[in-house]
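See structure below.
The numbers here are math on the coordinates, done by the rules we state, and not lab data. All of these numbers come straight from a predicted model, not from anything done at the bench. Backbone-built Cβ (ideal geometry, glycine too); neighbour counts: all protein chains shown.
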Amino acid sequence: MILLWHAAEPIGICVFASPAASLTLRTRYFGLSNPRSEIGMRGMNANLWLLQRVVLHPTYRGAGIAAAFVRRACELCPVDWIETLTAMGRVNPFFERAGFVRVGTIRKRDHRRTTDTHPFSEPAYFVRDNHPA
């Protein structure tokens, strides 16, 4: 967890967590052959974190600081890769501005989409190469 401060007031937070054990887009992106094996899980936990949540105080939204905050929060993480999932990834380039690459969209297993299926119910998957420059 990394906090963003303005004077003595916390105005933002990035929460990092362990990634899910299996994700098809991650497996394809990294070319993993057996991601759920003991070696695969150990390697993933040592080298990959999930940016689980980004929250910015409403007063500071739209000020152009969020992407810089996320970029800096990621730089402070001691892992080589960071991933995130976001429902708004198709309409807001926020994570691209923070140094992430959009890999794809998590599709629902039930391919019988109906007109009432909300387009944001299939989140975009992003990865950031967090190796030091």
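Summary table
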| quantity | calculated |
| --- | --- |
| Calculated [θ] (222 nm, deg cm²/dmol) that DSSP helices of n ≥ 4 give over the chain, each run adding -39,500 (n - 2.57) | -6000 deg cm²/dmol |
| Lys, Arg +1 and Asp, Glu -1 on Cβ, resulting dipole of the range 2-129 about Cα centre, debye, nearest 20 | 400 |
| Under 13 Å, Cβ to Cβ, from residue 46 - net charge with Lys/Arg +1 and Asp/Glu -1 | -1 |
| Candidates 22, 121, 33: whichever shows maximal mean-square fluctuation once the chain is modelled as a Gaussian network with Cα springs under 10 Å | 33 |
| Three-way shape call for the chain based on the alpha-carbon gyration tensor, with the a/c threshold at 1.5 | oblate |
